[in-house]
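The values are calculated or read from the model by the stated rules, or taken from the named source; none is laboratory data. Fair warning: this is a prediction, and the values are worked out from it, not measured in the lab. So basically every Cβ, Gly included, is an ideal-geometry build from the backbone, and we count neighbours across all protein chains shown. When the accessible area is computed, the model is the full protein with side chains, heavy atoms only, and any ligands, DNA or RNA have been set aside. Shrake-Rupley method; radii C 1.70, N 1.55, O 1.52, S 1.80 Å.
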Amino acid sequence: MVSLPAWSWLRGGILVGKNSDSGSRRMLRRRLGVVFTAALLTPAFVLFFISSPDLSGEQMLVQRVAELRERLQHAEMLNQERLQDVIVLSQKFNVLTHAGVGNVTGPRLSQETRDLLANMSQSPDLHLPSVYSYLPHLLHTPDATSPAFKLSQGRHSATMVLGVPTVKRQVQSYLMTTLRNLVDSMTQEEMEECIIVVFIAEWDIDYVHQVASQIERKFPEHLGSGLIEVISPPKAFYPDMDKLEQTLGDPMERVKWRTKQNLDFAFLMMYAQPKGTFYVQLEDDIQTKKGYIATMKKFALQKTSEKKNWFVLDFCQLGFIGKMFKCVQLPYLVQFFIMFYNDKPVDWLLDYLIQTKICNLDKDTKHCKKAKENVWIHYKPSLFQHIGTHSSLKGKVQKLKDKQFGKVQLYFPHENPKAEVETQIKPYKTYTLQRAYKGESYFWGLLPQQGDLLQFTFDPPVVIKGFLFRSGNVEHPSDRLYNTTVEVLPVQPFSNIPAVAAKKYKITEDKYMIVGDFDDMGVAEGLINGELGEIKTLRLHVHIDSDNWAILSEIHIETPEKR
């Protein structure tokens, strides 16, 4: 169930009641204060602080204090939300008790209980706005605010929640490449304090199950640990898209697309809000850098320790990519998106919200820009790059690149054993197989056909420990080798190969041994450990005509002498 927002600026006053929750607030602060103090006075912390008079030790202590301050603020937010739930329930009870409905009245409730409920209730004369004020259709479907699909281990209390919305793309999907990059760029410790929420923003439940199954196959460990969650929204959460107003002079197709995106982001943020301290909005067609989690966390806590009243930390200069918010402030965004979902694109709404909060109509634009820079803080160089070309909006091609990110790594060079390299697949321009094998570039071949070979003949023959072939790259993730096997030709006769080793592999008609194949992520990896003796030739054998070109971005043939 998503956390539906009431007006956050009323929480401290009318909605929660400054007097009614003061005891709860004091109790929460006392309890968390004990935790806060205990964390600072643990033997490891005291020893570290005493034995590290240098500046780096002091900075680490300051960062730890800033982190605890942010967690305390998040805990207070959760406490307020629970108190809000109690107040709403008490109002419902009071309606029943005063109306004398059923068995709720009479001896069932003591006078003391009724007095307590009455004290917690707000004035029935005051109507408080909520999400239902702007999305009234939610009242007609009980499940409208619960995910239609959910795959989760229930992880919570994370430092950082990464939101990755994805939709069905007509040309190619970048989602698996993006997820692999996000996960591989984390340390083990970071994996334990983060949550990646994949939001499949489609109403076709069969497609949702298809994508979820693909994630289960590719990331079983990370789904099991709780690092990755998968959800999809119910169609009932969205209004009738055929009844939207045509705004900004856009064609209706674009109005529907940006309206749905606004509500997609709102649903995802409401789901993510109670799960962590910080929330980062991403897309499904990006690449990041190693250490991006540590960099974002350090920067956020640094600004907190400097008492910067930031609203957005921006780790990418493009659109809505890499925007970090405090989870306690997500209700502001959600409410703005829900109020104006039909009126403006999502990135415009973020800018208008900041402008509304900060800018003074009595001041000029220069003053407004400077004021916005104090709450919308940009980090350079950028940590995320947009790699997609085809937008989720039909027919829209966008070649947006963040110049602050730097160069994207398109191939991974290795020192391979000396070999003669050949293939029937025609290369595109200078992206030849010979240069890829030497680690000078990547191989980019035109439309592989059934029976095509990429062949490496070693001179002299070598003992192979293992191999890794990676097809596709971040700019062209669909240019992969499909239904392709890795085959080797040993020098020694098959009769001399140990029976245990020989039974592991199938043999082709021309006496090659099949030692591996490419998976649906376009990767072939395996170990041989020298059990076949010296290898004369290794080849990649294509078994099906391809509709795409093929890229080999990594070729690594490991021998015992190479590490």
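Just for the range 110-156: of the residues that are more than 30 Å from P220 (Cα to Cα) and of a type in the set (V, I, T), which one is modelled with the highest pLDDT?
T141
Hey, could you check the range 542-562 for residues that are among the hydroxyl-bearing types (S, T, Y) and either open to solvent by 50 Å² or more (accessible area, probe 1.4 Å) or farther than 12 Å from I425 by Cβ (or both) and say which is modelled with the lowest pLDDT?
T559
What single numbered condition from (1) surrounded by 20 or more Cβ atoms within 10 Å (Cβ to Cβ); (2) in contact with a strand residue (DSSP E or B) (Cβ under 9 Å, 6 or more places away or on another chain); (3) closer than 26 Å to L349 by Cβ fails to hold for W203?
For W203, the failing item is (1).
Taking the conditions exactly as written (over 19 Å from the mean Cα position of the chain (by Cα), crowded, with 21+ Cβ neighbours inside 10 Å and within 12 Å of W376 (Cβ to Cβ)), does L350 satisfy them or not?
Yes.
Looking at L454, L446, L481, L489 in this structure, which one is hydrophobic (A, V, I, L, M, F, W, C) and surrounded by fewer than 16 Cβ atoms within 10 Å (Cβ to Cβ)?
L446
Filter the range 406-443 down to the residues that are β-branched (V, I, T), free of Cβ contacts under 8 Å to residues at least 40 places away in the same chain and surrounded by fewer than 16 Cβ atoms within 10 Å (Cβ to Cβ) and list them by number.
Passing the criteria: only T430.
Just to be sure I understand the filter: pairs with C-beta atoms under 9 Å, separated by 6 or more residues or on different chains, first member in the range 526-541 and open to solvent by 30 Å² or more (accessible area, probe 1.4 Å), second member among the basic types (K, R) and in a loop (DSSP other than H, G, I, E, B). Which pairs pass?
Sorted first by the residue in the range 526-541, then by its partner, the pairs are L527/K465; N529/K465; E531/K504.
Restricting attention to the range 457-478, and to residues there that are open to solvent by 40 Å² or more (accessible area, probe 1.4 Å) and either polar (S, T, N, Q) or under 28 Å from the mean Cα position of the chain (by Cα) (or both), which single residue is nearest to Q172 (Cα to Cα)?
Per the stated criteria, the residue is H476.
Any idea which residue in the range 157-188 is modelled with the lowest pLDDT, counting only those that are more than 17 Å from the chain's Cα centre (by Cα) and surrounded by 14 or more Cβ atoms within 10 Å (Cβ to Cβ)?
For the range 157-188, the residue satisfying everything is Q172.
I need every pair where a residue in the range 150-165 that is assigned to a loop (DSSP other than H, G, I, E, B) has its Cβ under 7 Å from the Cβ of a residue that is crowded, with 20+ Cβ neighbours inside 10 Å, sequence separation at least 6 or different chains.
Between residues of the range 150-165 that are assigned to a loop (DSSP other than H, G, I, E, B) and residues that are crowded, with 20+ Cβ neighbours inside 10 Å, the close pairs are S152/E229; R155/I195; H156/K275.
When you scan the range 306-316, how many residues do you find that are within 12 Å of D347 (Cβ to Cβ) and either surrounded by fewer than 20 Cβ atoms within 10 Å (Cβ to Cβ) or touching a Gly at 6+ places or on another chain (Cβ under 9 Å) (or both)?
2
Only residues that are modelled with pLDDT of 95 or more and among the hydroxyl-bearing types (S, T, Y): list them for the range 336-356, please.
Y341, the sole residue that qualifies.
Those residues that are polar (S, T, N, Q) and in a helix (DSSP H, G or I), I need them from the range 341-358; list them, please.
Scanning the range 341-358 gives Q355, T356.
Can you tell me which residue among L454, L489, L468 is outside any loop (DSSP other than H, G, I, E, B), within 23 Å of I514 (Cα to Cα) and touching a His at 6+ places or on another chain (Cβ under 6 Å)?
Residue meeting the stated conditions: L468.
Please work out which one of (1) over 19 Å from the mean Cα position of the chain (by Cα); (2) at pLDDT 95 or above is the condition V312 fails and give its number.
Checking V312 against (1) over 19 Å from the mean Cα position of the chain (by Cα); (2) at pLDDT 95 or above, the one that fails is (1).
Condition check ((1) touching a helix residue (DSSP H, G or I) at 6+ places or on another chain (Cβ under 7 Å); (2) not hydrophobic (A, V, I, L, M, F, W, C)) across all residues:
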site: E190; (1), (2): yes, yes
site: E193; (1), (2): no, yes
site: E253; (1), (2): no, yes
site: F265; (1), (2): yes, no
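Among (1) of a type outside the set (V, I, T); (2) open to solvent by less than 20 Å² (accessible area, probe 1.4 Å); (3) on the phi < 0 side of the Ramachandran plot, where does Q210 come up short?
(2)
Restricting to the range 318-331, name every residue that is surrounded by 20 or more Cβ atoms within 10 Å (Cβ to Cβ) and more than 24 Å from E193 (Cα to Cα).
L318
Quick check on my filter: what residues within the range 504-524 are assigned to a loop (DSSP other than H, G, I, E, B) and either closer than 20 Å to T537 by Cα or β-branched (V, I, T) (or both)?
Once the filter is applied, which keeps residues that are assigned to a loop (DSSP other than H, G, I, E, B) and either closer than 20 Å to T537 by Cα or β-branched (V, I, T) (or both), the range 504-524 yields K504, Y505, T508, E509, D510, K511, Y512, F518.
Please specify each residue of the range 210-234 satisfying the condition of being more than 15 Å from I200 (Cβ to Cβ) and of a type in the set (D, E, K, R).
R217, E221 - these are the residues of the range 210-234 that are more than 15 Å from I200 (Cβ to Cβ) and of a type in the set (D, E, K, R).
Can you name every one of the helices (runs of 4 or more DSSP H) wholly within the range 226-340 that holds 2 or more residues which are touching an Asp or Glu at 6+ places or on another chain (Cβ under 6 Å)?
292-305
Looking at (1) over 30 Å from I377 (Cβ atoms); (2) open to solvent by 20 Å² or more (accessible area, probe 1.4 Å), which is the only condition Q261 fails?
(1)
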